[in-house]
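Heads up, the thing below is written out as C-alpha coordinates.
The values are calculated or read from the model by the stated rules, or taken from the named source; none is laboratory data. Small disclaimer: the values here were computed from a predicted structure and weren't measured. All Cβ positions, glycine included, derive from the backbone under ideal geometry; neighbour counts span all protein chains shown. Accessible surface is based on the protein model in full, side chains and every heavy atom, while ligands, DNA and RNA are left aside. Shrake-Rupley method; radii C 1.70, N 1.55, O 1.52, S 1.80 Å.
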Amino acid sequence: MATDATGTPTTNYAIPKFNTAVDAPSGRGSNAQMDAIDTALDTVETTLTASMASLPSLALVIALG
(Lines give C-alpha, C1' and ligand atoms only; values in the text may rest on other atoms or scores of the structure.)
Protein backbone atom coordinates (compact mmCIF):
# COMPACT_ATOMS: atom_id res chain seq x y z
CA MET A 1 0.00 0.00 0.00
CA ALA A 2 1.16 3.51 -0.70
CA THR A 3 2.75 5.54 2.09
CA ASP A 4 0.39 8.27 3.33
CA ALA A 5 -2.32 7.18 0.88
CA THR A 6 -3.90 4.36 2.84
CA GLY A 7 -7.50 4.71 1.69
CA THR A 8 -9.28 2.13 -0.46
CA PRO A 9 -7.65 2.22 -3.94
CA THR A 10 -9.71 3.03 -7.03
CA THR A 11 -11.57 0.13 -8.60
CA ASN A 12 -10.24 0.12 -12.16
CA TYR A 13 -6.55 0.97 -11.82
CA ALA A 14 -5.85 0.57 -8.07
CA ILE A 15 -4.72 4.19 -7.76
CA PRO A 16 -4.09 4.92 -4.07
CA LYS A 17 -6.53 7.26 -2.33
CA PHE A 18 -6.12 9.24 0.86
CA ASN A 19 -7.72 8.18 4.12
CA THR A 20 -8.33 11.71 5.37
CA ALA A 21 -8.82 10.55 8.96
CA VAL A 22 -5.28 9.18 9.36
CA ASP A 23 -2.96 10.05 6.44
CA ALA A 24 -0.38 12.73 7.09
CA PRO A 25 -0.07 15.56 4.55
CA SER A 26 3.56 14.68 3.75
CA GLY A 27 3.35 14.58 -0.05
CA ARG A 28 4.35 10.91 -0.17
CA GLY A 29 0.75 9.85 -0.76
CA SER A 30 0.48 12.19 -3.74
CA ASN A 31 3.72 10.80 -5.15
CA ALA A 32 2.35 7.27 -4.78
CA GLN A 33 -0.79 8.32 -6.69
CA MET A 34 1.28 9.75 -9.54
CA ASP A 35 3.39 6.56 -9.71
CA ALA A 36 0.24 4.42 -9.93
CA ILE A 37 -1.24 6.62 -12.69
CA ASP A 38 2.06 6.54 -14.60
CA THR A 39 2.17 2.74 -14.41
CA ALA A 40 -1.47 2.40 -15.53
CA LEU A 41 -0.94 4.72 -18.53
CA ASP A 42 2.26 2.92 -19.52
CA THR A 43 0.47 -0.43 -19.40
CA VAL A 44 -2.34 0.84 -21.65
CA GLU A 45 0.14 2.39 -24.10
CA THR A 46 2.21 -0.80 -24.27
CA THR A 47 -0.91 -2.92 -24.84
CA LEU A 48 -2.23 -0.63 -27.59
CA THR A 49 1.14 -0.44 -29.31
CA ALA A 50 1.42 -4.24 -29.34
CA SER A 51 -2.14 -4.57 -30.64
CA MET A 52 -1.56 -2.13 -33.49
CA ALA A 53 1.72 -3.81 -34.43
CA SER A 54 -0.13 -7.09 -34.90
CA LEU A 55 -2.59 -5.48 -37.37
CA PRO A 56 -0.51 -4.08 -40.24
CA SER A 57 -3.38 -4.49 -42.70
CA LEU A 58 -5.49 -2.11 -40.61
CA ALA A 59 -2.83 0.59 -40.90
CA LEU A 60 -2.81 0.12 -44.68
CA VAL A 61 -6.58 0.46 -44.87
CA ILE A 62 -6.46 3.66 -42.82
CA ALA A 63 -3.63 5.07 -44.94
CA LEU A 64 -5.48 4.37 -48.19
CA GLY A 65 -8.70 5.82 -46.82
Identify all residues within the range 1-30 that are among the aliphatic types (A, V, I, L, M), under 21 Å from Val44 (Cα atoms) and open to solvent by 50 Å² or more (accessible area, probe 1.4 Å); write none if there are none. Ala14
Leading residue by the ranking (modelled with the lowest pLDDT) among those in the range 31-43 that are among the aliphatic types (A, V, I, L, M) and surrounded by 15 or more Cβ atoms within 10 Å (Cβ to Cβ): Ala32
Among all residue pairs at least 6 apart or on different chains, which show Cβ distances below 7 Å where the first residue, located in the range 21-42, is assigned to a loop (DSSP other than H, G, I, E, B) and the second is surrounded by 11 or more Cβ atoms within 10 Å (Cβ to Cβ)? Val22/Thr6; Asp23/Asp4; Asp23/Ala5; Asp23/Thr6; Asp23/Gly29; Ala24/Asp4; Ser26/Asp4
